[in-house]
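Only one structure is covered here, and it is reproduced in the block below.
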Amino acid sequence: MKKFLKFFISRQFLLNLAAIVLFWIIVIQVEKFYLKSTTDWGTNIEVPSFYKIHIDDLDEFVKDKDLKYEIVDSVYMDDWPKGTVCWQYPRPTDSSGMGIKSGRTIELSVVPLQPKMVCIPKVIHMSKRMGETTLNALGIKTKVSYQPHPDGPGFIMDQLYNGKHIDSGTYIPKGSRMELVVSKGKTGEATPLPSVVGLTIKEARERFSSLALTIAPQCENCNTEEDLMNAVITRQSPAGGENVNVASGTTVTLWATLGGGN
């Protein structure tokens, strides 16, 4: 026991203990110096909230705050004001409790001024439920209208945007609304059948848009959708004209030629 106590009061032990204490004092002082030189540790400059500040107002916002900012990303958020800050790092002091060094650059993400564009898929011939689910998953809203069709009810006959047919592969703003024209089967009702011979397929489609009829365009020398829309109709079946009526939902076949030839 005496030897044990003698060791703790020996010159060697006391020197080692003093060296350890001195080492940790030096480590703590160096750490304090590093923190002060990199973060102004102890100055506790508050980080303001940049949230919902418009990008046009950022320069004025940081003017007297001894801070810098950098826009590092853009994030599409449907329910957030366009062109405003939606994320920042470091976070505001009032929520994080942390301060920063003066002159620190705040990283920001903003909501773009223009909405995200979505590529529209083809939903024609899908069921109503499948078509709505497909478009809703892309952020596209839908409304439904119904027209008779001899092949039965429940499938999508056409897809419209702003009242006009829209092709798959077309980009429209996310959040837009498309109309799905859904078949309701045969109804036995009669509808007028105009003659569209001499019109282009595009003009005929517009003429038939308000009628309970389905068109089936045919064009042998059309290579693209644009060619088809510009092709001139040379014959239709059933033939139409003034005072001609057919059953609602009837399919009208249109033969057309690009350039209006025979």
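Here are some notes:
- Members of segment 81-112 that are modelled with pLDDT of 90 or more and outside any strand (DSSP E or B): P81, K82, G83, P90, R91, P92, V111, P112
- Residue match in segment 128-136 (condition: at pLDDT 90 or above, buried (at least 18 other Cβ atoms within 10 Å of the Cβ) and not in a helix (DSSP H, G or I)): no
- Selection status of V197, in a loop (DSSP other than H, G, I, E, B) and in contact with a strand residue (DSSP E or B) (Cβ under 6 Å, 6 or more places away or on another chain): yes
- Matching residues in segment 140-161 - criterion: being part of a loop (DSSP other than H, G, I, E, B) and either in the same structural domain as T251 (by TED's automatic domain parsing) or at pLDDT below 90 (or both): P148, H149, P150, D151, G152
- Residues in segment 237-262 that are polar (S, T, N, Q) and closer than 26 Å to L180 by Cβ: S248, T250, T251, T253.
- Residue identified as within 23 Å of T170 (Cβ to Cβ), touching a residue at least 24 places away in the same chain (Cβ under 8 Å) and assigned to a loop (DSSP other than H, G, I, E, B) among V118, V123: V123
- Residue count for segment 109-125, restricted to those that are in contact with a Phe, Trp or Tyr (Cβ under 7 Å, 6 or more places away or on another chain), on the phi < 0 side of the Ramachandran plot, surrounded by fewer than 18 Cβ atoms within 10 Å (Cβ to Cβ) and not small (G, A, S): 5
- Qualifying residue in segment 166-185 (condition: surrounded by 13 or more Cβ atoms within 10 Å (Cβ to Cβ), in contact with a helix residue (DSSP H, G or I) (Cβ under 8 Å, 6 or more places away or on another chain) and without any contact (Cβ under 8 Å) to a residue 40 or more places away in the chain): no
- For K36, the criteria (1) of a type outside the set (D, E); (2) modelled with pLDDT under 90; (3) in a loop (DSSP other than H, G, I, E, B) hold in every case but one, which is (3).
- So N243, is it under 38 Å from the mean Cα position of the chain (by Cα), of a type in the set (S, T, N, Q) and in a loop (DSSP other than H, G, I, E, B): no
- Among all positions in segment 186-197, there is no residue which is of a type in the set (G, A, S), surrounded by 18 or more Cβ atoms within 10 Å (Cβ to Cβ) and in contact (Cβ under 8 Å) with a residue 12 or more places away in the chain.
- Meets criteria (surrounded by 12 or more Cβ atoms within 10 Å (Cβ to Cβ) and at pLDDT 80 or above) for I53: yes
- A count restricted to segment 58-72 and to residues that are modelled with pLDDT under 90 and crowded, with 16+ Cβ neighbours inside 10 Å stands at 1.
- Residues within segment 214-223 that are surrounded by 15 or more Cβ atoms within 10 Å (Cβ to Cβ) and without any contact (Cβ under 8 Å) to a residue 60 or more places away in the chain, tallied: 5
- Condition check for V75: under 30 Å from L113 (Cα atoms) and either modelled with pLDDT of 75 or more or in contact with a Lys or Arg (Cβ under 9 Å, 6 or more places away or on another chain) (or both): yes
- Annotation note: of K174, K164, the sole residue that is touching a Gly at 6+ places or on another chain (Cβ under 9 Å) and closer than 22 Å to V118 by Cα is K174.
The values are calculated or read from the model by the stated rules, or taken from the named source; none is laboratory data. In this text, all values refer to a predicted model and were calculated from it rather than measured experimentally. Don't worry about glycine lacking a Cβ; one is built from the backbone with ideal geometry, like all the others, and counts go over all protein chains shown.
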